[in-house]
Amino acid sequence: GWPLNVCEFCADRHIMRLHRSSHTVWECQYHLVWSTKYRKRALDSEVLQNRCSDILKEIAEQYDMNILNVEIDIDHVHIHIEIPPQKSIGSGVRELKSLSARMMFKEFPTLKRKLWAGKLWEASYFVRGIGDGVTADMVEKYIENHAEKAQNSKQLELFSKGKKRKAR
């Protein structure tokens, strides 16, 4: 069964893969995209692209993130990733970008010569939250109808039974 702290909306749909920690049940998936500095076509070989992919996966695992899919192109990266709610998206992206650049430059010194600023990645990135067939409209309707459902819930009876408190 589902733990009590998972809403019926999510439990009814068996949404994606839920993760559990001591006080949280979560699924936080994102689509990330960032490009090489100056959009230079620096990742121009299969060896560079494969190693970059492996490095990003290693970093993600080391920093409690999970890359579900990654595509390295000649001048940009697409990542489908799970980032736990305790970690901000920005800090996860910073870890991935800074550590991968350092490792790539160390393993491929000639890569640094292709980029005149000595940086592998642009500072900016794109992020979009990912759901499993759950749209913003569905969530809005669920929240709007939740109050009606709660009125019929036995949980509310907890406060209506027993002695009434005196007004102060």
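The values are calculated or read from the model by the stated rules, or taken from the named source; none is laboratory data. Keep in mind the model is a prediction, meaning the values are calculated, not measured. Positions of Cβ are backbone-derived with ideal geometry, glycine not excepted, and every protein chain shown enters the neighbour counts. These accessible areas exclude ligands, DNA and RNA; they are computed on the full protein's heavy atoms, side chains included. Shrake-Rupley method; radii C 1.70, N 1.55, O 1.52, S 1.80 Å.
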Is it fair to say Lys119 is of a type in the set (Lys, Arg) and at pLDDT 90 or above? yes
Among the candidates Lys40, Lys114, Lys141, Lys87, residue that is within 24 Å of Val25 (Cβ to Cβ), in contact with an Asp or Glu (Cβ under 9 Å, 6 or more places away or on another chain) and of a type outside the set (Val, Ile, Thr): Lys87
Could you tell me which numbered condition Asp44 fails, if it satisfies all but one of (1) part of a loop (DSSP other than H, G, I, E, B); (2) within 15 Å of the chain's Cα centre (by Cα)? (2)
What number of residues within region 91-109 are basic (Lys, Arg), crowded, with 18+ Cβ neighbours inside 10 Å and farther than 14 Å from Thr36 by Cβ? 0
Could you tell me whether region 53-63 includes any residue that is touching a residue at least 60 places away in the same chain (Cβ under 8 Å) and open to solvent by less than 80 Å² (accessible area, probe 1.4 Å)? no
